[in-house]
Amino acid sequence: MLRWSDVLRYATYSNPEPVRRVEQTEETWAQQLTPAQFQVLRQKATESPYRNAYCRSYEPGAYVCAGCASPLFDSSTKYHAISGWPSFTQPQTKSAIRYTFDESHHMRRVEVSCNVCGGHLGHVFPDGPEPSGLRYCINSESMRRIAAQHSEPLSAASH
Ligand SMILES: [Zn+2]
């Protein structure tokens, strides 16, 4: 289980190696993603609180990156954080997420990105519930949820 000390270590020194890498031009991303997905994933926009797809949605399933379809979070770690964005206590795997310090808006926060394609997801904070104490605060636009009954997630996603 990852804790805040792990997050700080990753952001300060180096992140876990991703299982694969997806690299493509911003032009290709712009063609592949919806405008809203592109703004969040590639331009680090923040979507509106509450008025987003997964904020109040707790159906079982796996949340994958809207850019590269890599697994990011599982619904079993999703909880109600009253923040207005979907919130999780743990990533799907240790290597799923990349952590970097974000000094924008006169704050020091830890930005979380997809470790495979580098897409911006949101931020992680040390005010989550025990035992991890983590709150991954994630933009709905950066993810797609795949229903739990599909054991082969990617091929089943569009139905
Ligand atoms: Zn990705």
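The values are calculated or read from the model by the stated rules, or taken from the named source; none is laboratory data. Remember, it's a predicted structure, so these values are computed and weren't measured experimentally. Virtual Cβ from ideal backbone geometry, glycine too; neighbours counted across all protein chains shown.
Suppose we filter 48, 76 for residues that are away from the ligand (no atom under 16 Å from the Cβ), in a helix (DSSP H, G or I), surrounded by fewer than 17 Cβ atoms within 10 Å (Cβ to Cβ) and more than 14 Å from the chain's Cα centre (by Cα); which single one remains?
So the residue among 48, 76 that is away from the ligand (no atom under 16 Å from the Cβ), in a helix (DSSP H, G or I), surrounded by fewer than 17 Cβ atoms within 10 Å (Cβ to Cβ) and more than 14 Å from the chain's Cα centre (by Cα) is 76.
When you check residue 69 against the structure, is it touching a residue at least 12 places away in the same chain (Cβ under 8 Å), within 16 Å of the ligand (Cβ to nearest atom) and in a loop (DSSP other than H, G, I, E, B), yes or no?
Considered against the rule, which asks whether it is touching a residue at least 12 places away in the same chain (Cβ under 8 Å), within 16 Å of the ligand (Cβ to nearest atom) and in a loop (DSSP other than H, G, I, E, B), residue 69 comes out as yes.
Could you look through the stretch 80-89, keep only residues that are farther than 15 Å from residue 143 by Cα and buried (at least 19 other Cβ atoms within 10 Å of the Cβ), and pick out the one that is modelled with the highest pLDDT?
My answer is 89.
It is to be established whether one or more residues within the stretch 128-135 are at pLDDT below 95 and within 22 Å of residue 57 (Cβ to Cβ).
Taking every residue of the stretch 128-135 in turn, none turns out to be at pLDDT below 95 and within 22 Å of residue 57 (Cβ to Cβ).
Can you run down the residue pairs with Cβ atoms below 7 Å, 6 or more apart or on separate chains, where the first is in the stretch 36-62 and in contact (Cβ under 8 Å) with a residue 60 or more places away in the chain and the partner is loosely packed, with under 14 Cβ neighbours inside 10 Å and not in a loop (DSSP other than H, G, I, E, B)?
Correct list of pairs: 42/26.
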